[in-house]
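Visitor: Got a structure here, written out as C-alpha cells. Questions coming.
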Amino acid sequence: MRTRNLFLTVLAFILTISAGEAQTKRPSVTLQHGAHRIGKRMDADMQRWREYGLGQFLHWGVYAVAGGHWNGKYYAGAAEWIRSWNEMPHEDYDNLYRQFNPTGFNAAQWAKQAAEMGAKYMIITTKHHDGFCLWHSKYTNYTVARTPFKRDIVKELVDAYTKEGIDVYLYFSVIDWNHPGYRAILREEDREVYETFKQFTRNQLIELLTAFPKVKGLWFDGTWDKAWVEQAAFADALESELRALHPGLIIGSRFRADEYGKRHYDSNGDLMGDYEQGWERNLPESFDEVRHNDWDCVMTVPENQWGYHSDWRGYVKTSHDLINMLVKCVSMNGNFVLNFGPDGKGNIRQEETKLAKEIGEWMKINGEAIYGCSHVDLKKQDWGYFTRKQDKIYMTVFHLPVNGLLTLETPKDGNIPSKAWLLSDKRTLEIISAGRNKNNHRLYHIALPEGFSPGAPFVVVLETDKDGQNDGNAYQPAKI
Ligand code: FHN
C-alpha cells in the first residue's frame, strides 16, 4: 500500500512538472501555410536589406491629379483614398487617368534627390488600391500606357534608381477596386469570379518580376480583406512561385495569412515572410516588441498622407523628428522608410525636397551611425539611442543634458568605454568613471566640450575595451 502511495505521489509530481512546462511552451499547431522558416533569414540579400537603414517610399498614381480635392471640396482622408469619398463619384475618379500627364517627371532627378538624402532603397507603388498601374501591364487597360503621358513609369524609376545605386522594391496592392473579380468578402456566388481575380493577381506579379528583374523585393499592401485572408493555400503557393522565379527576392510579412487567418505572425507565433512589415506611421517603443526580427517602419511626413494632398493640415514632421525616428528604428534593428507623394505634374513638393536635403546633410556627417548598424544591448538612456557597427558604438544624441554629461551603463562583465570622440569633428571626449549602480553595472559619463551646443542631433563614437575588470570600482550598498 505504501509503495502504491509513493508511486502515485511521484506520478502526480511528474504530471505537475509537465503541465507547468506545457504552459511555458510555444503553441504548436501543425500548419501547412504558416512560416517556412523560424528565426531570421541570413543570406547575403537579406543582409544587404538589413544594412540599408534608410529608404524612400513613393506613393504616386492618378490620385495625385485630384490632390485631395474634388469639385472645390477638401478631402480630409489620405489623398490616395479619395475614390472612396462620397463627394467623388467613382466615374470621375475612374476617368482621372485621362488627365494624368506629369510632364515634369524626371526619374533621374528623383533618384538623385533620394541618393543625396541617403536612401539605400526605394519602394514604388506600382499599383495602389485603385488598381491603376504605373507600368505597362498587359492584363488590364487601366495603366499609364493609356494616359496622355504613356511612358512606363516603373521602368524609368527602376532604371534611374538602380543607376544611382539605390535598390528598388515594388509596392503592390492586392486590393484592386478596378478589377471586376475583386471582392473584399466572398459570398458563395462570388467564388467563381474571384478566381479570375486571383489569376489576374498572379499574372501581374509574375509580369512585374519578369519585366523588372533588377528589383530586390515586393512590398505588399491591401491584404487584410477577408476574401484574401481565406486564400492561404493559394497565396502560399504563389509566394513560393515568385521566390523561385526571382532568387533572393525579399517579401515582408504582409502578403499572406496562414490557414487559420493569422497575418504577419502565424498561429505558432512565427513570422511569415522575411521581415515584419507591421510598423506603419508608428514605431515600437522597446526592442522586446520586435521579437528579435527584422522589420521596417514606413512613415508619412504629415500625420496620414501618402499620396499627394495639396493641403497638408495638422502637424508636419521636421527633419529632426524624422532623423529621431530613423535612429530609433536602427537602434532596434529596423529600417526607416520615409514617404514622398509627388504631385500630378511629376514634381516632388517643396516641403519634401527641403526635408530630403536636411536629412541628407545630416546623413553625410552621421551616416556612419546608421548604415550597417544594429541594436546594442545597453540600457536605453534619455539623451538618445545607441547603435553599433563591429567594434564601434554610436551614441546619437537628441536631448542634450544641462550638465553636458552623457551617461551610459555597462553590465557587470560588459566591455567598458576606452575612447570617445565626436563623429562630426573627431574631437576626443573625456570618459569619467562614475562607479556602479545597485545592479553592479558600471556607470560612465562622457563629457561634452565646454559650451557645446550643436543645435542638431549629433553622434559620439565609442570604442570599448573588454579588459575592464579592474577599474577599482565596486558598488557599495547604502545603509538605509
Ligand atoms: O491603405 C494604404 C495606404 O493608403 C498606404 O498605402 C499605406 C502605406 O503603407 N498602406 C495602406 C494602409 O495600411
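The values are calculated or read from the model by the stated rules, or taken from the named source; none is laboratory data. Fair warning: this is a prediction, and the values are worked out from it, not measured in the lab. Note that each Cβ is placed from the backbone with ideal geometry, even for glycine, and that neighbours are counted across all protein chains shown. Ligands, DNA and RNA are stripped out before the accessible areas are found, and what is left, the full protein with its side chains, is counted by its heavy atoms. Shrake-Rupley method; radii C 1.70, N 1.55, O 1.52, S 1.80 Å.
Visitor: Quick check: the distance between the Cα centres of the stretch 351-384 and the stretch 225-243, to the nearest angstrom?
Guide: Each part's Cα centre sits 37 Å from the other's.
Visitor: Let me ask something additional. Taking 7 Å along the Cα-to-C-beta vector as the label spot, tell me the residue 427-residue 390 distance in nanometres, rounded to one decimal.
Guide: Here the answer is 2.7 nm between the modelled labels.
Visitor: Turning to a different aspect of this structure: Which angle from 0 to 90°, rounded to the nearest 10, does the C-alpha axis of helix 107-117 make with the longest principal axis of the chain?
Guide: Tilt relative to the chain: about 10 degrees.
Visitor: While we're on this one: Between residue 345 and residue 381, 0.36 nm times their residue separation minus their Cα-Cα distance comes to what? Intermediate values should be presented prior to the final figure.
Guide: Details: separation 36, 0.36 × 36 = 12.96 nm, distance 4.53 nm.
So the chain would gain 8.4 nm between residue 345 and residue 381.
Visitor: Residue by residue through the stretch 441-452, which ³J(HN,Hα) values in whole Hz follow from phi under the Karplus form 6.51 cos²θ - 1.76 cosθ + 1.60 (θ = phi - 60°), with glycine and proline marked x?
Guide: Coupling constants for the stretch 441-452: 8, 6, 10, 9, 10, 9, 8, 7, x, 3, x, 5 Hz.
Visitor: Per residue of the chain, what 222 nm ellipticity follows from adding -39500 (n - 2.57) for every DSSP H run with n ≥ 4, rounded to the nearest 500?
Guide: For the chain, the value works out to -8500 deg cm²/dmol.
Visitor: Please give every one of the aspartates and glutamates within straight-line cross-link reach of residue 155, meaning a C-alpha to C-alpha distance under 18 Å, and leave out same-chain neighbours fewer than 8 residues apart.
Guide: 164, 167, 207
Visitor: Of 317/389; 40/138; 317/392; 150/262, which sit over 32 Å apart, Cα to Cα? Present the calculation step by step, with values, prior to reporting the outcome.
Guide: Details: 317/389 28 Å; 40/138 36 Å; 317/392 30 Å; 150/262 40 Å.
Pairs exceeding 32 Å: 40/138; 150/262.
Visitor: Okay, next question. Measure nothing but the geometry: give the 0 to 90° angle between the long axis through the Cα atoms of 153-163 and the longest principal axis through the Cα atoms of the chain, rounded to 10°.
Guide: Between the helix axis and the principal axis of the chain, the angle is about 40 degrees.
Visitor: What is the dipole size for the chain, taken about its Cα centre, with +1 at each Lys and Arg Cβ and -1 at each Asp and Glu Cβ, in debye to the nearest 20?
Guide: 800 debye
Visitor: Residues with beta-carbon under 13 Å from that of residue 157, excluding residue 157: net charge, scoring Lys, Arg +1 and Asp, Glu -1? Intermediate results must be reported in sequence, preceding the final value.
Guide: On the way: positive: 112, 151, 155, 163, 214; negative: 152, 156, 159, 164, 167.
That works out to 0.
Visitor: What would the Debye equation give as log₁₀ I(q)/I(0) for the stretch 44-369 at q = 0.06 Å⁻¹, counting only Cα atoms as equal point scatterers?
Guide: Evaluating at q = 0.06 Å⁻¹ gives log10 I(q)/I(0) of -0.19.
Visitor: Put a dot 7 Å past each Cα toward the Cβ at residue 233 and residue 286; how far apart are the dots in nm?
Guide: Between residue 286 and residue 233, the label points sit 4.3 nm apart.
Visitor: Which value in Å is the Kirkwood Rh of the stretch 171-224 over different Cα pairs?
Guide: Values: mean 1/r = 0.0822 Å⁻¹.
Result for the stretch 171-224 stands at 12.2 Å.
Visitor: Considering only C-alpha atoms, what is the centroid distance from the stretch 311-331 to the stretch 392-410, in Å?
Guide: 21 Å
Visitor: Based on the alpha carbon coordinates of the stretch 103-143, what radius of gyration and maximum Cα-Cα distance (Dmax) apply, in Å?
Guide: When restricted to the Cα atoms of the stretch 103-143, Rg and Dmax are 13.2, 36 Å.
Visitor: Right, next: Got a sec? Charge dipole of the chain, +1 on Cβ for Lys and Arg, -1 for Asp and Glu; which of 213, 440, 246 is way out at the positive end?
Guide: The residue sitting farthest along the positive end of the dipole is 440.
Visitor: Also, quick follow-up: Take every Cα pair under 8 Å in the chain that's 6+ residues apart, average their separations, divide by the length, and report that relative contact order as a whole percent. Write down the numbers at each step before the final one.
Guide: Working: 923 pairs, mean separation 77.6, N = 480.
It comes to 16 percent, rounded to a whole number.
Visitor: By per-residue mean of other Cβ atoms within 10 Å, what is the highest-first order of 190-202, 266-278? Present the calculation step by step, with values, prior to reporting the outcome.
Guide: Values: 190-202: 15.5, 266-278: 21.8.
The peptides rank, most packed first, as 266-278, 190-202.
Visitor: Using modelled amide H (1.01 Å from N, peptide plane; none on Pro or chain starts), what sits under 5 Å from the amide H of residue 385, excluding residues fewer than 5 places away?
Guide: For residue 385, the qualifying residues are 396, 398.
Visitor: Work out how much length residue 196 to residue 141 would gain on full extension: take 0.36 nm times their residue separation and subtract the Cα-Cα distance, in nm to one decimal.
Guide: On the way: separation 55, 0.36 × 55 = 19.80 nm, distance 1.57 nm.
Here the answer is 18.2 nm.
Visitor: What net charge is computed for the residues neighbouring residue 267, neighbours being all others with C-beta under 10 Å from the C-beta of residue 267, Lys and Arg scored +1, Asp and Glu -1? Could you put the intermediate results ahead of the total?
Guide: Numbers: positive: 262; negative: 258, 259, 266, 270.
Neighbour charge sum, excluding residue 267 itself: -3.
Visitor: Sticking with this one: Taking H as built 1.01 Å from N, whose amide H comes closer than 5 Å to the amide H of residue 220, not counting residues under 5 places away?
Guide: 172, 252, 254
Visitor: Is the stretch 384-479 rounded, prolate or oblate when judged by the Cα gyration tensor, a ≥ b ≥ c being the square roots of its eigenvalues, rounded requiring a/c under 1.5 and prolate requiring a/b larger than b/c?
Guide: It comes out prolate by the Cα gyration axes.
Visitor: Ratio of the stretch 158-301's C-alpha Rg to 2.2 N^0.38 Å, to two decimals?
Guide: Numbers: Rg = 16.0 Å, N = 144, 2.2 N^0.38 = 14.5 Å.
Normalised Rg, Cα atoms only: 1.10.
Visitor: Kindly sort 421, 219 by accessible area of their heavy atoms, largest first, with the probe set to 1.4 Å.
Guide: On the way: 421 35, 219 5 Å².
From most accessible down to least: 421, 219.
Visitor: A further question follows. Calculated FRET efficiency, residue 42 and residue 188, Cβ-Cβ r, R0 56 Å, to nearest 0.05? Could the numbers behind the result be given before it?
Guide: Details: r = 44 Å, r/R0 = 0.79.
The pair residue 42/residue 188 has a calculated efficiency of 0.80.
Visitor: Further question on the same structure: Please name whichever of 180, 165, 142 sits farthest to the positive end of the charge dipole of the stretch 130-208, dipole taken about the Cα centre and charges placed at Cβ: Lys and Arg +1, Asp and Glu -1.
Guide: Farthest along the dipole direction, towards plus: 142.
Visitor: Short version: ³J(HN,Hα) in whole Hz for each residue of the stretch 327-337, in order, from phi by Karplus 6.51 cos²θ - 1.76 cosθ + 1.60 (θ = phi - 60°), x for Gly and Pro, what are they?
Guide: Per residue, the Karplus-derived 3J(HN,Hα) values read 5, 4, 4, 4, 5, 10, 6, x, 9, 10, 10 Hz.
Visitor: Here is a further query. Net charge near residue 179: determine it from the other residues with C-beta under 13 Å of the C-beta of residue 179, scoring Lys and Arg +1 and Asp and Glu -1.
Guide: On the way: positive: 127, 183, 198, 202; negative: 94, 130, 176, 190, 195, 225.
Combined, the nearby Lys, Arg, Asp and Glu give -2.
Visitor: Work out from phi, with θ = phi - 60° and the Karplus expression 6.51 cos²θ - 1.76 cosθ + 1.60, the ³J(HN,Hα) of each residue of the stretch 426-439, listed in order in whole Hz, and give x for Gly and Pro.
Guide: Computed from phi, the couplings for the stretch 426-439 are 6, 4, 6, 10, 6, 10, 9, 6, 10, x, 10, 9, 5, 8 Hz.
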